[in-house]
Amino acid sequence: MKRISEAEMGGKQAETSNPRDRGSSIWCLLVLVIGALVVTAAALTILKYLHFSKNNEAHPINKKYADALELALQFFDVQKSGKLVDNRIPWRGDSGLQDGSEENLDLSKGMYDAGDAIKFGFPMAFTATVLSWSILEYGDQMNAVKQLGYAYNSLMWITNYLINSHPSENVLYFQVGDPGLDHKCWERPETMTERRPVTQVNTSFPGTEVAAETAAALASASLVFKENDPDYSSSLLTHARQLFTFADTYRASYSISIPQVQGFYNSTGYGDELLWAASWLYHATRDDSYLRYVTELNGQRLANMEITTWFSWDDKLAGTQVLLSRIIFFGAKDMPTVENLDLQMYRKTAELVMCGLLPDSPTATSRRTDGGLIWITEWNPLQHAVASAFLAVLYSDYMLTSQTETLYCSGNSYKPDDLRNFAISQ
């Protein structure tokens with residue numbers, strides 16, 4: 001298992017409000033579900049050899065998860081907009097080549113939203129963040145099954161788009177296309193002829209959650225490309241810093257600033273995105289100001305400590321808790337007392353999340369089907385099951401790597417394998 005060092009790596013219930021028309025809302029999150037599947041499949045690919053030593057010996061790989069990873073990464077290729085390079089999907093061609101041209105921008109890349117030809121920046125950025133996390137933690141396993149190059153390519157396809165979507169410090173274009181027109185017409189993007197308007201957030205119409213999520217995406221991706229392309233990594237980090245400052249300085253939900261987005265990817269709040277972005281910026285920069293931001297400055301106010309939530313494109317708190325827990329697992333030795341105590345609270349809440357997922361735990365959530373599948377919403381239900389599996393795999397691996405043998409849930413004890421078995425069940 002690849003485990004990046006800390007030196008290298010540097011409050012709300014999720015819901016889908018007014019989810020398009022109910023018929024079309026089913027398509028709304030498929031990119032994100034598959035994005036999470038990429039991560040989970042990559043993690044589960046290594047099941048057969050996680051418990052072995054850290055050397056590079058070859059160990060058996062679970063083929064069905066390796067195959068799932070390959071298919072999931074192919075799905076990203078299916079969704080690509082722009083002038084395709086080294087295209088491995090024969091029925092896809094160039095599309096969206098003029099996107100952004102009315103604003104003198106090149107927004108031709110990026111990815112379409114599942115069955116649509118719309119580019120929604122909020123969930124696309126989240127997909128990039130989770131894909132970055134998967135590469136950082138499980139890149140060796142992706143490489144072992146010859147999929148790492150495809151993962152890099154898909155990530156850069158999104159981050160190139162996100163960079164171009166940020167032409168100045170306080171402007172971010174977060175949508176390409178007219179969803180109303182798009183949903184009335186099923187067509188191949190290669191042959192679409194309708195107008196492709198672009199939508200932005202700025203100081204007059206702020207969008208904290210979309211700017212912060214884009215900052216998280218670029219900060220996490222800067223870590224992915226840090227060794228192989230340091231200049232590109234530096235550019236990603238510059239944009240990430242600027243976007244975070246923009247998001248934090250001009251605080252307002254993009255769902256309020258721009259009401260028409262409420263029918264598609266409505267946000268239920270932005271506190272979690274601010275913490276999520278600052279957490280990734282801390283890992284990417286080692287700048288203590290970002291650590292203070294998520295701990296003594298905003299930890300109690302924005303993090304809803306000891307209240308568990310579900311990880312999704314709209315709610316990053318559970319992901320933030322796990323991400324910050326890795327600092328306690330691997331790098332808190334010389335941490336100032338105040339920050340250390342707040343990080344311990346993040347880890348405590350992450351443990352509550354894990355205890356809620358374990359089916360035999362005294363605090364196990366009842367929000368699952370009779371067969372054991374995590375079930376939170378009727379629409380797009382698999383997003384929470386797969387995201388929960390991903391967090392469980394990560395936390396299990398953090399425990400293993402740090403030689404933390406036991407997770408305690410209301411007096412009962414559980415091992416890393418219990419979390420892994422839960423993930424497999426999903």
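The values are calculated or read from the model by the stated rules, or taken from the named source; none is laboratory data. Remember, it's a predicted structure, so these values are computed and weren't measured experimentally. Neighbour counts are summed over all protein chains in view; Cβ atoms, including those assigned to glycine, are modelled from backbone coordinates with ideal geometry. For the accessible areas, the whole protein counts, side chains as well, though only heavy atoms, and no ligand, DNA or RNA atoms are used. Shrake-Rupley method; radii C 1.70, N 1.55, O 1.52, S 1.80 Å.
Rounded if a/c is under 1.5, else prolate if a/b beats b/c, else oblate: with a ≥ b ≥ c from the C-alpha gyration tensor eigenvalues square-rooted, which is region 62-303? The shape class here is oblate. For region 331-400, just say rounded, prolate or oblate: build the C-alpha gyration tensor, square-root its eigenvalues into a ≥ b ≥ c, call rounded for a/c under 1.5, and beyond that prolate if a/b exceeds b/c, oblate if not. The shape class here is prolate. With contributions of -39500 (n - 2.57) from each DSSP H run of at least four residues, the per-residue ellipticity at 222 nm computed over the chain stands at -16000 deg cm²/dmol.
Give me the net charge for the shell around ASP99: Cβ to Cβ below 15 angstrom, other residues only, Lys and Arg +1, Asp and Glu -1.
-4
Tell me the carbon and sulfur percent of the accessible area for the chain, rounded to whole percent, probe radius 1.4 Å.
Of all accessible area on the chain, carbon and sulfur atoms account for 51 percent.
Among the GluC sites (Glu not before Pro) in region 199-292, those placed in a DSSP loop whose Cβ has at most 14 other Cβ atoms within 10 Å are GLU227.
Note on LEU84: accessible area approximately 30 square angstrom, rounded to 10, probe 1.4 Å, nucleic acids and ligands left out. Principal semi-axes of the equivalent ellipsoid, √(5λ) from the alpha carbon gyration tensor of the chain, are 32, 24, 22 Å from largest down.
Cβ under 15 Å from PRO206's Cβ, PRO206 left aside: what net charge do those residues give with Lys, Arg +1 and Asp, Glu -1?
Net charge in that neighbourhood comes out at -4.
By definition, a body whose alpha carbon gyration tensor gives a ≥ b ≥ c is oblate when a/c is 1.5 or more and a/b is not larger than b/c, and region 186-290 fits this oblate description. If you plug the beta carbon distance of ASN421 and ASP140 into 1/(1 + (r/R0)^6) with R0 = 22 Å, you get a FRET efficiency near 0.45.
Length gained on full extension, GLU378 to ASN153, computed as 0.36 nm times the residue gap minus the Cα-Cα distance: 77.7 nm. Cβ-Cβ distance of GLU169 and ASN412, R₀ of 60 Å, FRET efficiency by 1/(1 + (r/R0)^6): the value works out to about 0.75. Take region 305-425 with all the other protein chains still there, run a 1.4 Å probe, and you get 40 Å² of accessible area per residue.
Ordered from highest to lowest accessible area with the whole protein assembly present and a 1.4 Å probe, THR238, THR214 read as THR238, THR214.
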